[in-house]
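Coordinate-derived values only; no laboratory data. Treat the numbers as computed from the prediction; the structure is a model and nothing was measured. Every residue, glycine as well, gets a Cβ built from its backbone with ideal geometry; the counts of neighbours run over all protein chains shown.
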Amino acid sequence: QRLRREGCSVLLAGKRILIVEDEPLIAIDLESAVVDQQGTVISAPSTLAEAQRVAENEAFDGAILDLHLKEGLALPVAESLLQRAIPFVIHSGHTDITTPRAWPMVPIIGKPALPEHVIAILASIIRK
């Protein structure tokens, strides 16, 4: 809501967003930020298997991906997003992430980060 109160345009109007995050409080903050910017959260899977299913089968405009889930790295989810040409950001507490060379265009946002900051970066790559 802070972005709207400051007179900025709504960043995610009509956009459907996938959030893959296994920390419940972070997921809730990100979901709220998406809704504040008039986006729709299509799913917020916390398991690798569910995230992979959604990434391969659901229709959405962008994603926020925590690469380090409790079950392991979510690299297959990221690969599915890339194959489908769905823009996404990596939101991770591991700032030493080494992404494959095929991913130079994927923004990496270290935790902690304000949800509004994550949303602004995601919105900027969705618009490209």
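Enumerate the pairs (first residue in segment 28-41 and among the acidic types (Asp, Glu); second residue anywhere and part of a strand (DSSP E or B)) with beta-carbon separation below 7 Å, excluding pairs fewer than 6 apart on the same chain, so at least 6 apart or on different chains.
Close Cβ pairs (under 7 Å, with a partner that is part of a strand (DSSP E or B)) amount to GLU31/ILE19; GLU31/VAL41.
I'm checking my understanding of the structure. Among residues of segment 40-78 that are assigned to a loop (DSSP other than H, G, I, E, B) and under 12 Å from the mean Cα position of the chain (by Cα), which one is surrounded by the most Cβ atoms within 10 Å (Cβ to Cβ)?
That would be ASP66.
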